[in-house]
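Laboratory data are not the source of any read-out in this text; all were calculated from the coordinates shown. As the structure is a computational prediction, the values presented were derived from the model and not from experiment. Cβ placement follows ideal geometry from the backbone for every residue including glycine, while neighbour counts extend to all protein chains displayed.
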Amino acid sequence: MTLSIKALVNHRDHHGQTEANRLGLSVDPIRDGIRVLWTILVLIKEERPLPFFALIAASLALASLVLTVPIFITFMETGLVPRVPTAVLATGMMVLAFLSLACGLILDTVTRGRRELKRLHYLSLPK
């Protein structure tokens, strides 16, 4: 796995300036925290795609079911679907949930193949 992650070590030198200030960089905790969280999400997506996309699929499916229950109850009582846009939204969210799960399964297979190729290449190196 080849990743280039830049780390800024914040040491004070003898003149009271931080290394970031001396290099002309600004330190913003909110922006840096968001950048760290984004990097963590990207690494999870790249290395463990099935749990990542399964979580997205589960949240979409749950939201779809929450939207569907009142519509289904109304349909069982009256035989009519008064909120068609909500029904279409719930259907679209469920389709996206299944699509997300399918993407996770495909990417997980690709990731496993990539790991296996790396392992085979490592084992073929002379000792």
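What length, rounded to one decimal in nm, is gained on full extension from Leu120 through to Asp28, with 0.36 nm per residue of separation minus their alpha-carbon distance? List each step's numbers first, then the result.
Details: separation 92, 0.36 × 92 = 33.12 nm, distance 4.30 nm.
Full extension of this stretch gives 28.8 nm more.
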With θ set to phi - 60° and the Karplus curve 6.51 cos²θ - 1.76 cosθ + 1.60, what are the ³J(HN,Hα) couplings of region 74-79 in order, to the nearest whole Hz, using x for Gly and Pro? 4, 5, 5, 7, 10, x
With θ set to phi - 60° and the Karplus curve 6.51 cos²θ - 1.76 cosθ + 1.60, what are the ³J(HN,Hα) couplings of region 106-117 in order, to the nearest whole Hz, using x for Gly and Pro? 5, 5, 5, 5, 5, 5, 4, x, 5, 5, 5, 5
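Which order do Arg83, Arg35 fall in if you start with the one that has the fewest other Cβ atoms within 10 Å? Let's see the in-between values first.
Numbers: Arg83 15, Arg35 11.
Listed from fewest to most nearby Cβ atoms, that is Arg35, Arg83.
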For each of Ile44, Ile30, count neighbouring Cβ atoms within 10 Å of the residue's Cβ, then give the residues from fewest to most. Ile30, Ile44
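For a footprinting-style exposure proxy, rank Leu37, Leu60 by other Cβ within 10 Å, fewest first.
Numbers: Leu37 10, Leu60 20.
By the 10 Å Cβ count, ascending: Leu37, Leu60.
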Mean shadow of region 16-127, computed from the convex hull of its alpha carbons, in nm²? 13.6
